[in-house]
Amino acid sequence: MTLPLWGLTVLSILALVHVSIDSFLLKLCAGNAWTAGPRDRVVERSMLAGRARRALVNFLETAPVFISLALVVELSGLQGPLIAGGLYVYLAGRALYLPAYLSGVPYLRTAIWLAATSGLAAMLAGILLA
C-alpha cells in the first residue's frame, strides 16, 4: 500500500475513534432512551462530552484537506520528504489531539493543532514545489 493510501486508512481509523468517543460520552449524558429515540429534545452535554464534540468538529474541519492532499499525492505519484513528513506529522497530531482536548490541559491542544496543521502545510508545500 502506498503512503497516501496508508494515511487515508489511518485517517479513517481516527474518524471512527472520534465518532465513537463522542457517541459514548453523549450516551452517558442522555441515556439509552434518548439515543435510541427520535432525539426531539436538546440534551445538555457534560463538560467532557462537550470537549469530545468540539474535537470531532475540529477533526472534520481538517480531514477534507488531508484527504484532498493525499489524493493529489497518490494520483500524481509525487513523493518527497515534505510530503511524507507532513503526512506523518498531521496523523500523529490528530491522534494526539483528542486526548489532549479531553484532558483540558491549557495550550496543549493548541500546540498539537498547530503541529498537525503544519503537517498539512508541509504536504501542500511538497506538492507545490515538486
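The values are calculated or read from the model by the stated rules, or taken from the named source; none is laboratory data. On a predicted model such as this, the values are computed, not experimentally measured, just so you know. Glycine gets a Cβ as well: all are built from the backbone with ideal geometry, and neighbour counts include every protein chain shown.
Exactly one residue among P64, P99, P4, P38 is on the phi < 0 side of the Ramachandran plot, touching a residue at least 12 places away in the same chain (Cβ under 8 Å) and out of contact with any strand residue (DSSP E or B) (no Cβ under 7 Å at 6 or more places or on another chain), and that residue is P4.
Suppose we filter the stretch 16-73 for residues that are outside any helix (DSSP H, G or I) and in contact with a Leu (Cβ under 6 Å, 6 or more places away or on another chain); how many remain? Spell out how you get there, then give the answer.
So the first thing to find is which residues in the stretch 16-73 are outside any helix (DSSP H, G or I), and the list is 31, 37-46.
Pick out the ones that are also in contact with a Leu (Cβ under 6 Å, 6 or more places away or on another chain) and you get none.
Counting residues in the stretch 16-73 that are outside any helix (DSSP H, G or I) and in contact with a Leu (Cβ under 6 Å, 6 or more places away or on another chain) gives 0.
Taking the stretch 38-97 as the range and being within 18 Å of A125 (Cβ to Cβ) and among the charged types (D, E, K, R) as the test, only E74 passes.
Do you know which of the residues in the stretch 86-129 that are among the β-branched types (V, I, T) and surrounded by 15 or more Cβ atoms within 10 Å (Cβ to Cβ) is farthest from the chain's Cα centre (by Cα)? If we take residues in the stretch 86-129 being among the β-branched types (V, I, T) and surrounded by 15 or more Cβ atoms within 10 Å (Cβ to Cβ), then I127 is farthest from the chain's Cα centre (by Cα). Taking first residues from the stretch 104-119 that are in a loop (DSSP other than H, G, I, E, B) and partners that are among the polar types (S, T, N, Q) and at pLDDT below 95, no Cβ contact under 7 Å between residues at least 6 apart in sequence or on separate chains turns up. Report, by residue number, each residue of the stretch 31-48 that is in contact with a Phe, Trp or Tyr (Cβ under 9 Å, 6 or more places away or on another chain) and either of a type in the set (A, V, I, L, M, F, W, C) or within 19 Å of H18 (Cα to Cα) (or both). The one that is in contact with a Phe, Trp or Tyr (Cβ under 9 Å, 6 or more places away or on another chain) and either of a type in the set (A, V, I, L, M, F, W, C) or within 19 Å of H18 (Cα to Cα) (or both): V43. Candidates are the residues of the stretch 29-59 that are at pLDDT below 95 and of a type in the set (A, V, I, L, M); the one that is surrounded by the most Cβ atoms within 10 Å (Cβ to Cβ) is A30.
Of all residues in the stretch 74-86, those that are on the phi > 0 side of the Ramachandran plot have Cβ atoms under 7 Å from Cβ atoms of residues that are crowded, with 16+ Cβ neighbours inside 10 Å and not polar (S, T, N, Q), 6 or more apart or on another chain, in G80/G126.
Tell me yes or no: at least one residue of the stretch 20-39 is closer than 23 Å to L3 by Cβ, under 14 Å from the mean Cα position of the chain (by Cα) and hydrophobic (A, V, I, L, M, F, W, C). Spell out how you get there, then give the answer.
Of the residues in the stretch 20-39, the ones closer than 23 Å to L3 by Cβ are none.
For the stretch 20-39, residues closer than 23 Å to L3 by Cβ, under 14 Å from the mean Cα position of the chain (by Cα) and hydrophobic (A, V, I, L, M, F, W, C): absent.
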